[in-house]
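What follows is a single structure, written as structure tokens, with notes after it.
What follows draws every value from the coordinates through simple rules; no lab data is involved. In this text, all values refer to a predicted model and were calculated from it rather than measured experimentally. Quick reminder, even Gly has a Cβ in these numbers, built from the backbone with ideal geometry, and neighbours come from all protein chains shown.
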Amino acid sequence: MAEGARGLRLEADAHGPLSLLESAGSLGRLTLPRGFALDEAGHVYLLAPGRPWWIKRFNVQKKAFVKLPAVGGVGTEARQLRNPANIAAAGSNFYVADTGNRRVQVFDGRSLILRHVWQFADWRPVDVTAQGGLAYLLDGQNGRVYAHQPGIDRLN
């Protein structure tokens, strides 16, 4: 307990059930807004709204979101985006549902290596989310949900 100006108040347990990094992965029972992701190391990612759709990561020292080099910008080349719908993080990976290019790109959050580009003629990835260490990709064209386990190359 900490003593405040108006009496005593309880401090939150940094590893308790309402912690952002608690073991069940519920973010302290919070839901991140669309366009945000939190990876296993506690890094917060932001899909900058509107063109040129840069991916940014929160820099604690600068107390600001900083653009990740060579991740984002408008285009059809690998690492570029065209009308991205959402981002998510599972393990050390972060996923970008790039609806305009009909693909999902997966980046390693530590090295920014492009791990996967999943692009199929008969799908339209419209959302991505993560829970319990898996990423889930929603194909809006076929109404199908794909799952991905970091460290494995294929989608399930």
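How much length would be gained if the chain were fully extended between residue 153 and residue 108, taking 0.36 nm per residue of separation minus their Cα-Cα distance, in nm to one decimal?
Working: separation 45, 0.36 × 45 = 16.20 nm, distance 1.33 nm.
That works out to 14.9 nm of additional length.
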Rg and Dmax of the range 101-156, using alpha carbons, in Å: what are they? 11.2, 33
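Could you work out the local net charge near residue 125, counting Lys and Arg as +1, Asp and Glu as -1, over the other residues with Cβ closer than 13 Å to its Cβ? Mind showing how you got there, number by number?
Values: positive: 82, 102, 103, 124, 144; negative: 98, 122, 127, 139.
Once positives and negatives cancel, what remains is +1.
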In nm, to one decimal, how far is the residue 61 label point from the residue 145 one, both placed 7 Å along Cα→Cβ? 4.0
Which of the peptides 123-132, 97-106, 72-81 is most tightly packed, and how do the rest follow, judged by the mean count of other Cβ atoms within 10 Å per residue? 97-106, 123-132, 72-81
